[in-house]
Amino acid sequence: MTMDVMEKAPVSDAAALKETEAIYERVRRIIPRSEWEIHAPYIAAINRLKAERKAVILAHNYQTPEIFHGVADLTGDSLELAREAAKTDAGIIVVCGVHFMAETAKLLSPEKLVLIPDPEAGCSLASYITADDVRNLRRKYPGVPVVTYVNTTAEVKAESDICCTSANAVQVVESLDSDRVIFLPDEFLGSYVALQTRKQVILWKGRCEVHEKFAVPDLRAYRGQFEELVILAHPECPPDVLSEADYVGSTAQMIKEVARRKPGRVLMATECSMSDNVAVEMPQIKYVRPSDFFCPHMKKITLPKILNSLRSMKHVVELEPSVAEGAQRAVRRMMDLKLPSTR
Ligand code: 13P
Ligand code: SF4
């Protein structure tokens, strides 16, 4: 952490605790009081400064509960964050998520100031593929359309025909007028899509370092321990994990499914903060939270860095105009399909 990030929040502890009382009431089952005393001055300062600057804070479902419930105005999966970025009237958008999410917000709101509290918040999937790789694939498979998961850099998107998210990948592939598609870069999401389409899907060997670690023997051991357990999985998990799951969907689709099924006990095979955030909304459900499934990139975003971002208007997300144009086209083509919201 840099020195400016470590600066103290400009709100006294007592005032901050008072100002954040109502938020704490909601999250008290998840965040111990001793931890809240550390978060509260930052939350109060961020919420004051956000109002002053007329900024809006977007947070992905994997952000920690003090960010997700404490300072975010809009939350969701990648698809919803992209939609919200396009819809908001605010001139400043702070994206609490990884870099590709901030880039997507900028692509859809080029006139707005888009900030990311830590520009180093990357994504293991995004780093699996480069724009050169896509150009080579196009040479190898001339005329075959390229569908690119949003978990990629703007340079990779710019070389693609259309983007997709985990919520709409099948519909995006189905929307194309071709018997074959190249699906990049997530091998597991791609093979999950291939099971649901008659088109031939050409895959790439990208993986998410968090989801690839889920394993069937562990899930079965939990099932043995808890008879009534319902397992939901993100499509970035390995294929046998997806077959073992009772439901597969994007982060927002999983949340919706929990609300619909109201299971006695649930395990969400995805990044670990999601269960904490859902538990705040649905405390009557019991959550099985396997440890060790934490995204180090998402966790680079912290309250002190969000405060610093709003104070110093850093770090501005900028895109090369030539890259932005191509990437925008691919993201807009997905948005123009007007597929149902995941909210
Ligand atoms: P969602 O689009 O489902 O929120 O997933 C984003 C992500 O990074 C999953 O690892
Ligand atoms: Fe990327 Fe995986 Fe982290 Fe999602 S959980 S941001 S895919 S590394």
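Quick check, is residue 155 within 15 Å of the chain's Cα centre (by Cα) and charged (D, E, K, R)? Even if it seems obvious, please write down each step before you answer.
Numbers: within 15 Å of the chain's Cα centre (by Cα): no; charged (D, E, K, R): yes.
For residue 155, the condition - within 15 Å of the chain's Cα centre (by Cα) and charged (D, E, K, R) - is not met.
For segment 145-188, name all the residues that are open to solvent by 10 Å² or more (accessible area, probe 1.4 Å) and either free of Cβ contacts under 8 Å to residues at least 12 places away in the same chain or closer than 26 Å to residue 320 by Cβ (or both).
Matches in segment 145-188: 145, 151, 153, 155, 158, 159, 161, 177.
Pick out the one residue from 242, 307, 267, 337 that is among the hydrophobic types (A, V, I, L, M, F, W, C) and surrounded by fewer than 20 Cβ atoms within 10 Å (Cβ to Cβ). Quick ask: steps written out before the conclusion?
Values: 242 fails: surrounded by fewer than 20 Cβ atoms within 10 Å (Cβ to Cβ); 307 fails: surrounded by fewer than 20 Cβ atoms within 10 Å (Cβ to Cβ); 267 fails: surrounded by fewer than 20 Cβ atoms within 10 Å (Cβ to Cβ).
Being among the hydrophobic types (A, V, I, L, M, F, W, C) and surrounded by fewer than 20 Cβ atoms within 10 Å (Cβ to Cβ) holds for just one of 242, 307, 267, 337, which is 337.
Any residue in segment 202-224 that is touching a residue at least 40 places away in the same chain (Cβ under 8 Å) sitting within a Cβ distance under 6 Å of a residue that is open to solvent by 70 Å² or more (accessible area, probe 1.4 Å)? List the pairs, counting only those 6 or more apart or interchain.
206/128
Take residue 56 and decide whether it is surrounded by fewer than 24 Cβ atoms within 10 Å (Cβ to Cβ) and either outside any helix (DSSP H, G or I) or touching a Phe, Trp or Tyr at 6+ places or on another chain (Cβ under 8 Å) (or both).
When the stated conditions are applied, residue 56 passes them.
Is one or more of the residues making up segment 307-319 within 16 Å of ligand 1 (Cβ to nearest atom) and at pLDDT 95 or above?
No: segment 307-319 contains no residue that is within 16 Å of ligand 1 (Cβ to nearest atom) and at pLDDT 95 or above.
Restricting to segment 255-283, name every residue that is without any contact (Cβ under 8 Å) to a residue 24 or more places away in the chain, within 15 Å of ligand 2 (Cβ to nearest atom) and either out of contact with any strand residue (DSSP E or B) (no Cβ under 8 Å at 6 or more places or on another chain) or more than 16 Å from residue 214 (Cα to Cα) (or both).
272
So which strands (runs of 3 or more DSSP E) stay within segment 224-331 end to end and still have 3 or more residues that are among the aliphatic types (A, V, I, L, M)?
Of the strands (runs of 3 or more DSSP E) lying wholly inside segment 224-331, those with at least 3 residues that are among the aliphatic types (A, V, I, L, M) span 229-233, 265-269.
Applying the selection to segment 201-223, what residues are open to solvent by 20 Å² or more (accessible area, probe 1.4 Å), assigned to a helix (DSSP H, G or I) and within 16 Å of ligand 1 (Cβ to nearest atom)?
212, 213
Within segment 71-81, track down each residue that is more than 19 Å from residue 275 (Cβ to Cβ) and surrounded by fewer than 24 Cβ atoms within 10 Å (Cβ to Cβ).
73, 74
In segment 59-94, which residues are in a loop (DSSP other than H, G, I, E, B) and either of a type outside the set (A, V, I, L, M, F, W, C) or more than 23 Å from residue 335 (Cβ to Cβ) (or both)?
Initially, segment 59-94 is screened for residues in a loop (DSSP other than H, G, I, E, B), giving 61-64, 69-73, 77, 88-91.
Within segment 59-94, 61, 62, 63, 64, 69, 70, 71, 73, 77, 88, 89, 91 qualify.
The values are calculated or read from the model by the stated rules, or taken from the named source; none is laboratory data. Computed from a prediction, not measured in an experiment: that's the story for all the values here. Note that each Cβ is placed from the backbone with ideal geometry, even for glycine, and that neighbours are counted across all protein chains shown. Heads up: the accessible areas ignore ligands, DNA and RNA and are worked out on the full protein's heavy atoms, side chains in. Shrake-Rupley method; radii C 1.70, N 1.55, O 1.52, S 1.80 Å.
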